[in-house]
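Participant: I'd like to ask you about the structure that follows.
Since every read-out is calculated from the coordinates, none of them should be taken as a lab result. Model, not experiment: these values are computed from the prediction. Don't worry about glycine lacking a Cβ; one is built from the backbone with ideal geometry, like all the others, and counts go over all protein chains shown.
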Amino acid sequence: MVEEKVKSIIDYLSHSVADNFTDSICLSLAKAIQADIVFIASLDEGANIASTISVASEGNIENNFSYELKHTPCENVSLGDVCTHKTSCQQTYPKDQLLTDMNIEGYVGVPLKTDNGNTDAILVALYHEDIENVKETTSLFLLFSGMIKKEMEKQAIFNELTIRNKIIEVSKEAIVICDQNEKIISVNKAFTDILGYSFREVEGKNPKIFASGEHSKVFYQTMWKEINETGAWSGEILNKKKSGEVFPEWLSINTICDADNKVTNYVAYFFDISQSKAAESKIYQQANYDLLTGIANRFLFLETLSKSLHLIKSRQTSLAVLHMDLDLFKEINDIYGHDLGDKLLIESANRLKNHIKETDCIARISGDSFAILLNDLTDTDNVKLIVERILLTFSDPFVFDDVSLTCTLSIGITVCSGESESENESSILKNAESAMYHAKDSGRNSYSFFSQELQSIAQRKLLLKSQLGNAIEQNELSVVYQPIVSIGEQKVRKFEALVRWNNSGEWVSPDEFVAIAEEFSLIKPLGNFVLIQACIELKKLRAQGFNDIIINVNRSVFEIPLNKTENDQWLKTIVEYGLQPNDICFELTESALAPDKRNNEVLFNQLRNAGCTIALDDFGTGYSSLSYIRRIPIDFIKIDRAFISDMSKNKSDNILVSTIIVMSKALGKKVVAEGVETQEQLQLLTDLQCDFIQGYFFSKPLPPTQLVDYLNNFTYCK
Ligand code: C2E
Ligand code: CA
Ligand code: CA
């Protein structure tokens, strides 16, 4: 009887159309033992809840369900015991609602145990009626429990493998599995996607076929040594795709060993890192190179310099750092626009590149500043030669479309032999920069070697620059007025307004701080301050009845507006303070006449038309050409005091002054002689028919409080 049932179950199983084993066994058992319901349930870890895996009832598979084990017959089974109830199950377990709901009387349950004897699932048969043969059912259940458990385990392993295979297949990482002879036995989809080979094309081959030829023999030897010793290797490697394209990949190789520790397989995982490599190199490029010119940036320059400093100590050679600044780049940028400014920087970098060796370094370290590191100098005289050659290349004009312009360089140089311990890359570059400022101060288009003295000059300059900004904002500047006397009328006709700065007790010379203001864009607020003060003082003089006094105000070429729309600002201030344009004379130096300053002519004409007068200051020191003087509307020419002071001693100066006076008169300009200190000079100038005299002979510049007294007590002859 039992044998027949076993046979029918096995028959059923072998012909079963159900998808999985547990469904089939439940169906076949239910049929064989004529149970109303047969189910298999797995137990949760604490064995509190059972969840069915397969439920068979009346020849069908039903929906799965979960239930609490407490107070049910299954509770005993879950503890590892066989539990049977031929009848009256509901009475025995009154709290088991499920039994009542399903109207169950007979119950057979057996535990499904793992190899180590734990119960993690149960097999249960339920009957609506009393069970005819409990023993038979139980023995059949016990007979099949082992098989069910084994099948369930097999299924679990199969499921896991399926998942693993799926993971391998969908992995973005390429996976290659080789046997112990390094022959490929499996690859995944990512492998084909990356390398372009199908599995068929590489099956049985050695992964050597992917070698790019870019690595040395030693590279592969080291790699295999590590795999053999540690069982794994990972690193960056260049491999070749089917298309022949060589690409970087991140490769990890692991070995799989059997129980005897013999390698059975090699598994390689890799992914294409060309994108991240490209991003990495872009980041490196951006962090170390100047985007505009493509040469190194300040960061890389300092890093290279630091390495070179270490080297020269051991090699007993020297190095030189050149700090270069394009002269008047800011002005060029303002006049011609940023696009041209950019082109000029690129072209300058190209010109500089021609002067360095491969072992040297060139960088753009800020706006219009470049630096060059000359390495391995055995003879420092070479530096001078190189620098002179660089200056020479910059004497050629730069030509961009229809613009041709000359842009010179100022170069500061530090040479170091690595002897001084205190020298570091930053201080060396700074020293070269100080020397560069010195070169600029001594007339641009030149070079200067760093010295301690230069350093203190540069340091003072930077200090004054920061203090001057505050001084202007906090009204720490003042203005003094120096009389200008008419020889013909023998009376004071003008005052020149001269700015003063008392920097916490120290009087800083205007020659020094005006130049700083010009260089660091502080000149406009400074100039506006002086003009306003001059207007205020002149207004006071007018109120006292001095109606024919004019005040001369110095304006730097850097204060001239770049475009016409701002031109009327100077006039506006004069009118705002209740004066007429002809009450003020503007003093400008010769650089304001340079032909590349396109707006100057327009501005001068505008000021002249409004009634202002213009004086050309420091005449003779610059590069005035007569043609400019003719073209630009100026009223006065002021002869620089350097010519006046030497007049009585130096014949040639005498002739020069006399020529300037004659020439000026011929052009219809009045002449002012500056720096007249002696009676003798006054006499000479009177003889030469100079028009005005300014200088200590008459008076030093006066504070505003003394002007009225000075005018009231003025006598021409002392
Ligand atoms: P500058 O325009 O040539 O001014 C004349 C300078 O000569 C003044 O020097 C004045 O004090 C000095 N001086 C006048 N008479 C004599 C003399 O008989 N002997 C000697 N040895 N010197 C005499 P200061 O005030 O030191 O100004 C120097 C320069 O600073 C000025 O030269 C001018 O270029 C600049 N500066 C002064 N104030 C201003 C200003 O408000 N704006 C601008 N842009 N520059 C100014
Ligand atoms: Ca002046
Ligand atoms: Ca002057």
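Participant: Hey, with R₀ at 25 Å, roughly what FRET efficiency would Lys242 and Thr222 work out to, going by the Cβ-Cβ distance, to 0.05?
Facilitator: E(calc), rounded to 0.05, equals 0.40.
Participant: Something else now. Find how much the distance from Gln155 to Arg351 grows on full extension, using 0.36 nm per residue of separation minus their present alpha carbon separation; answer in nm with one decimal.
Facilitator: Contour length minus Cα-Cα distance gives 63.0 nm.
Participant: So what's the back-of-envelope 222 nm ellipticity for the chain, counting only DSSP H runs of four-plus at -39500 (n - 2.57) apiece and dividing by all residues, rounded to 500?
Facilitator: -13500 deg cm²/dmol
Participant: Take the cross-link list Lys461/Lys540; Lys70/Lys150; Lys384/Lys651 and give me the ones stretching past 31 Å between alpha-carbons.
Facilitator: As for pairs spanning more than 31 Å Cα to Cα, those are Lys461/Lys540; Lys384/Lys651.
Participant: Now for a different question. Could you put Ser198, Ser234 in order, starting from the residue whose Cβ has the fewest other Cβ atoms within 10 Å?
Facilitator: Ascending Cβ contact count within 10 Å gives the list Ser198, Ser234.
Participant: Same structure again: Taking every Cα atom in segment 84-220, find the radius of gyration and the maximum pairwise distance Dmax, and write them in Å.
Facilitator: Using the Cα atoms of segment 84-220, the pair Rg, Dmax is 27.8, 83 Å.
Participant: May I have the pair-distance distribution P(r) for segment 2-166, computed from all Cα-Cα distances with 10 Å bins from 0 and rounded to whole percent?
Facilitator: The distribution over segment 2-166 is 11, 41, 36, 10, 1, 0, given as percents.
Participant: Assuming R0 = 25 Å, what is the FRET efficiency of Glu182 and Ser274, from their Cβ-Cβ distance, to the nearest 0.05?
Facilitator: 0.45
Participant: Which of the aspartates and glutamates could be linked to Lys242 by a straight reach, that is with a Cα gap under 15 Å, when you skip same-chain ones fewer than 8 residues away?
Facilitator: Straight-distance partners of Lys242: Asp193, Glu201, Glu203, Asp272.
Participant: Could you put Val246, Val170, Val508 in order, starting from the residue whose Cβ has the fewest other Cβ atoms within 10 Å? Don't skip to the end; give the middle numbers.
Facilitator: Details: Val246 15, Val170 10, Val508 18.
Exposure proxy ranking, most exposed first: Val170, Val246, Val508.
Participant: Can you pull the percent of Cα pairs in the chain with separation above 34 Å?
Facilitator: Working: 180342 of 257403 pairs.
Tail of P(r) above 34 Å: 70 percent of Cα pairs.
Participant: Which residues among segment 639-662 fall inside the zone where the amide N is under 19 Å from a point 7 Å beyond the Cα of Gln683, along Cα→Cβ?
Facilitator: Once the point is set 7 Å along Cα→Cβ of Gln683, 644-655, 657-658 turn out to lie under 19 Å by backbone N, inside segment 639-662.
Participant: If we sort 480-486, 2-8 on the protection proxy, mean other Cβ atoms within 10 Å, highest first, what's the order?
Facilitator: 480-486, 2-8
Participant: Compute the orientation-averaged projected area for segment 439-523 from the convex hull of its Cα atoms and round it to one decimal in nm².
Facilitator: 8.2 nm²
Participant: Rg and Dmax of segment 290-336 over Cα atoms: what are they, in angstrom?
Facilitator: 15.7, 49
Participant: Out of every Cα pair in segment 25-83, what percent are spaced more than 18 Å from each other?
Facilitator: Counting pairs separated by more than 18 Å, the tail of P(r) holds 38 percent.
Participant: Kindly write out, for segment 674-682 in residue order, the coupling ³J(HN,Hα) from the Karplus curve 6.51 cos²θ - 1.76 cosθ + 1.60 (θ = phi - 60°), rounded to whole Hz, with x marking Gly and Pro.
Facilitator: Couplings: 9, x, 7, 10, 10, 4, 4, 4, 4 Hz.
Participant: Can you tell me which lysines have their Cα less than 16 Å from the Cα of Lys166? Leave out same-chain residues fewer than eight positions away.
Facilitator: The qualifying lysines are Lys189.
Participant: Also: Of the peptides 277-285, 133-141, how do they stack up when ordered by the mean number of other Cβ atoms within 10 Å, highest first?
Facilitator: 133-141, 277-285
Participant: Still on this structure, I have one more. Enter the Cα centre distance for the pair segment 351-373 and segment 84-142, rounded to the nearest angstrom.
Facilitator: So the separation of the two Cα centres works out to 91 Å.
Participant: Using C-alpha positions alone, give me the convex hull volume of segment 171-276 per residue in cubic angstrom.
Facilitator: 100 Å³
Participant: Which pairs in the list Lys282/Lys313; Lys208/Lys357; Lys524/Lys700; Lys539/Lys700 are over 30 Å apart, alpha-carbon to alpha-carbon? Could the numbers behind the result be given before it?
Facilitator: Details: Lys282/Lys313 34 Å; Lys208/Lys357 41 Å; Lys524/Lys700 26 Å; Lys539/Lys700 22 Å.
Violating the 30 Å limit, Cα to Cα: Lys282/Lys313; Lys208/Lys357.
Participant: Can you put Val530, Val77, Val124 in order, fewest other beta carbons within 10 Å first?
Facilitator: In increasing order of surrounding Cβ atoms, one gets Val530, Val124, Val77.
Participant: Follow-up question, since we're still on this one. Based only on Cα atoms, what mean projected area does the convex hull of segment 282-450 have, in nm²?
Facilitator: Numbers: hull surface 39.6 nm².
Seen from a random direction, the Cα hull of segment 282-450 projects 9.9 nm² on average.
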